[in-house]
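Remarks on the structure that follows.
No value in this document is a laboratory result; all are computed from the given coordinates. For clarity, every value in this text was computed on a predicted model and none was experimentally measured. Quick reminder, even Gly has a Cβ in these numbers, built from the backbone with ideal geometry, and neighbours come from all protein chains shown.
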């Protein structure tokens, strides 16, 4: 995970360009009908979607698996072939420029009403153009909203870049008309789970690989697998990453360029929906009528979006010295095999690296800092039994302090320096009016209060990746039995391990993370190191208090979980049921003085349970 | 008289061969005053001709200029050569046997290198490293037995020397060797001892050079059919010691198929089989300890080889394919149907263009008109993209009737893959290229361009991938290593087998602006070899391992395999008399 430059202050980032500006000044229709001639991969041979399908069906891989399935089930190969062809029909995209143009038109209209601006780093687009010509490209956007992939295609269309094919969850297929529209704009659909289905897996992986190898189009998917409801990056899913790296590892292409894309929303469309979902209110099924009902959001202001196309990462250079590609020499490459240990850990490491690359270029708005501060205030007040707000002046002063701190930690903060800080703070309060009003008043109804707090927490979460390493260190110092360096490290390592389901912490990088945290805290004058000891400086107390408070809700969440689990030995029934169950229990707990509403978040509960399972504190039992 | 002359010439072969480049002294490429390329001498079909397109191709491909010369040192200064470390007792006893020997600087330098880029580059700069201290010329098997006995007795290091065409650093003297190094030049052992027409075998001394062997056999109406690209200079013993492969192996087989009996002198004595049988089930074949031993176990002195009556009819041919993929698919099909002609080779687009640039000046307007028409037909009428098309060259051999039949079969297969017959001329020129390409490297080196070829063998399903990836790796590495100009990175498939093919890569670049071009070259070649191995290719198809590729031997043949080879070495040559340190 050593992708960070030593001094985060020195991180160079590109400038942004607002693509909506032109849309506001010229005809959308003209824009939708304009000449679209993207540069393509140098080796690409033009290929229709039906050609793609037949390439997949005729591939050695598929032949092998069909024969295998036929032997195992006794079904005739022809029947299985038909089955395969039907699955492929259900899966395949059929990108059509006319549909893209339709979206270009309608999205222009929608975006202009919803957002103030959509800012894109043009240098990144240029790098992407270059990368597309050289090698097959994989686009890895962060996933915070349904908007993400439409937005991606919209931007690429705008800049005349080759349109991607996008791996989408099958849930969209339920939306009859819309599902087909999405298919025609490049989405292909995969079932959420197909565990042991060999045929499905073979078709799916071969389909993706065929598109990738031929350079037919950039392949886009979400490393996090699903939208993050908490604005915190999710632990990466490895299935698709395995598939797109495979052609390189097997020598079928010279290299694959992976481009992490960071999409940051000032306000996510699904804001309140997410908070409700986290509290266990089931997510509404995707449906076309639902989409129309949701159109009321068109009347609200969602601020701006920042899309940052990161530096293309060459899979070849990632694999340099980590994978021995000769391991594929002794078995024909079309026979499916479980990835070896070195490949599994290589893909896992790469996935974390790529998620961190996404995080690094996430734009943070002032509100993120304000929300973090407000949350801490709220909790302190609550603990003290007080019900009062905070003076704008004081908040501003705090925010400025936090602004400087986060910059020193390398955050990609978009703080308009030419405007007085008090205005910055108050204008970001205005945009999120719906949230902060309530944080100041104690609301009667528990549930809606929780919704608001969780929404606020999700803004704070956007900044977590900046602070998480120093915060873990702060917490470690706080909990360690002494100031001995080794003690602190041990405690850091324990906490880091415990929270590894919660935050993006690269596996096996404990020492690097510790060093990075030390470096940042020492650099900002919060810590001093002697030969043996770690000392907190006079002015460091404030920083450390802020940092460890930041992780407090998580810590408490894990503690609650532990007490709950200790409470009932035969607790775990099934994973799904368990989470739900625990929500009930947490609510009970709430009456006996739970400090943080966030503990109610199903995400936190899921992660903490996974962590406890992993650490062996809890055992999963059947029945 | 002729034989004596011949012997004299090979005794002092540096008098007719270049000491710091490839081949005959009288034969080389040069750009004349008009800037046109010329091939001097009288030995080849291309000799004495003007090659009008070469300059353009050369300057365009490498970004080189005929104005920027990097000439070689014309003569060797003997002061550059370290004085020999002589083992006096050995030398005295050797002299008493009457076997000729020399410690003349030129003789020693000439036998201290092969033709790797770094070796030739150093010579051109007049730099000489560790070279043999003394050269001996045994005249027959018994002479070799005596020399090896003396070497063991006096503990000197022996390095067998055949044709000197090694491209694996096999002839380099190990710098850490402190003993007296003796180069054992087999060139005087160049007779055909007998021909057995009943069994179609010939018993030949191992020092004979390829073209000489063919010429002598042809006089009796026979041939071996073994034609490695280096056959003008490489020797029978060298073929055996490196597991050589010939262009026409589809009819005649590679060296391991041709050899019936081998005699090798080792420190433990002479190893040979007791009969001349076509096949035996007597444990592991001892020939396979000898073939590919690269001079680490002993000296091959005599070989019984299969011979064939000379073919009645030979015909060249060529096929143009719209792209390399189709070409490979066609070769694969030909191999599958086991109907490969004597030789079938597929050049990629870059090499096709390269071959084109080597067309000599045409004498008549009619031929150039025809050429233009052909080009028009292929690119405009058939719609082949001139930047993608590639060409296969063919050589058929045998009865006239069968050849024609065979030819039709192959062309029919080619047509299925979009191949168009492109005439005998293109085919013949393709094969001629094989012999002149090494001269072209010397031309490049006169103008800041260095390069080399290397080979591998690979399963069929990997052929396209390995070609693409290795070529791309070369280009990338050049860029990363600071090469200022884009390199020439090209390949061809030169042999087909049931289960795979042999692939040759050519790689050259303009080194202006680099402080240590040879080092850069070596780094790129190293990376290319890693890429080959990662893509399922072999360490070598026929060049051998030498010292250049030793580091990959263990992963190639496994720990146990290494142990086996080492224990053979330990038994046969415990004092490391054959101390060239090749292979293991």
Report the residues of region A:179-204 in range of a label on residue A:335: point 7 Å along Cα→C-beta, backbone N strictly under 17 Å from it.
none
Distance in Å, no decimals, from the C-alpha centre of region A:299-357 to the one of region B:445-485 is 26
Taking Cα atoms, how many degrees apart are the long axis of helix A:485-498 and the longest axis of chain A, rounded to 10 and kept between 0 and 90?
50
Compute the length gained on full extension between residue B:268 and residue B:288: take 0.36 nm times their separation in residues and subtract their Cα-Cα distance, giving the result in nm to one decimal.
5.5 nm
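Rounded to the nearest 500 deg cm²/dmol, what is the calculated helix-only ellipticity per residue at 222 nm for chain A, with -39500 (n - 2.57) per DSSP H run of length n ≥ 4? Before the final figure, lay out each step's value.
Values: 26 runs with 342 residues, N = 623.
Helices in chain A give a 222 nm mean residue ellipticity of -17500 deg cm²/dmol.
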Provide the FRET efficiency to the nearest 0.05 for the residue A:419-residue A:397 pair, computing r from the beta carbons and using R0 = 22 Å.
0.85
Let me confirm one metric for peptide B:469-480, namely the mean number of other chain beta-carbon atoms within 10 Å of its residues' beta-carbons.
2
Residues A:350, B:293, A:85, sorted so that the one with the fewest Cβ neighbours within 10 Å comes first
A:85, A:350, B:293
Only residues of region B:232-254 count here: report those whose backbone N is under 15 Å from the spot 7 Å along Cα→Cβ of residue B:16, or say none.
B:232-235
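Antiparallel as a % of all DSSP beta bridges within chain A, to the nearest 5?
Numbers: 13 of 32 bridges.
Percent antiparallel among DSSP bridges in chain A is about 40.
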Pseudo-spin-label distance residue A:317 to residue B:377, built 7 Å along Cα→Cβ, given in nm, is 4.9
Region B:101-125-region A:368-426 distance, computed between alpha-carbon centres (Å)
77
On Cα atoms only, tilt of B:88-97 relative to the major axis of chain B in degrees
80
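Based on the alpha-carbon gyration tensor of region B:10-154 and its eigenvalue square roots a ≥ b ≥ c, which shape applies: rounded if a/c is under 1.5, prolate if not and a/b is larger than b/c, or oblate?
On the way: a/c = 3.54, a/b = 2.29, b/c = 1.55.
Judged from the Cα gyration tensor, region B:10-154 comes out prolate (a/c at least 1.5, a/b above b/c).
Over chain B, consider all pairs of different Cα atoms and compute the Kirkwood hydrodynamic radius from their mean reciprocal separation; express it in Å, one decimal. Display every interim value, and only then the final one.
Values: mean 1/r = 0.0402 Å⁻¹.
It works out to 24.9 Å.
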So for the pair residue A:176, residue B:402, with labels modelled 7 Å out along Cα→Cβ, what separation do we get in nm?
7.2
How much length is gained if the chain between residue B:145 and residue B:66 is pulled fully straight, taking 0.36 nm per residue apart and subtracting their Cα-Cα distance, in nm to one decimal?
23.2 nm
Taking neighbour counts of Cβ atoms within 10 Å as a proxy for exposure, in what order, fewest first, do B:437, B:181, A:66 appear?
B:437, A:66, B:181
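Go ahead and run the numbers for FRET between residue B:33 and residue B:125, Cβ-Cβ distance against an R0 of 30 Å, rounding to 0.05. Walk me through the numbers before you get to the answer.
Details: r = 26 Å, r/R0 = 0.87.
FRET efficiency, residue B:33 to residue B:125: 0.70.
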Rank these for me by crowding, B:301, B:266, going from fewest to most other beta carbons within 10 Å.
B:266, B:301
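Say R0 is 35 Å: what FRET efficiency, to the nearest 0.05, do residue A:541 and residue A:493 get from their beta-carbon distance?
Numbers: r = 24 Å, r/R0 = 0.67.
After rounding to 0.05, the efficiency reads 0.90.
How much length would be gained if the chain were fully extended between residue A:133 and residue A:512, taking 0.36 nm per residue of separation minus their Cα-Cα distance, in nm to one decimal? Don't skip to the end; give the middle numbers.
Working: separation 379, 0.36 × 379 = 136.44 nm, distance 3.53 nm.
Gain on extension, residue A:133 to residue A:512, equals 132.9 nm.
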Which whole number gives the average, over all residues in B:534-540, of C-beta atoms from other chains lying within 10 Å of the residue C-beta?
4
Using DSSP, restrict attention to beta bridges with both residues in chain B and report what percent are antiparallel, rounded to the nearest 5.
90
Cα gyration tensor shape for region B:32-76, rounded if a/c is under 1.5, else prolate or oblate:
oblate
Cα long-axis angle, helix A:575-591 against chain A (0 to 90 degrees, to the nearest 10):
20
Measure out, as a whole number of angstrom, how far apart the alpha-carbon centroids of region A:260-280 and region B:208-228 sit.
81
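Please state the shape class of region B:478-584: rounded when a/c is under 1.5, otherwise prolate if a/b exceeds b/c and oblate if not, all from the C-alpha gyration tensor.
Working: a/c = 2.71, a/b = 1.58, b/c = 1.72.
Here region B:478-584 falls in the oblate category.
Report the antiparallel proportion of the DSSP beta bridges in region B:106-215 as a percent, rounded to a multiple of 5.
35
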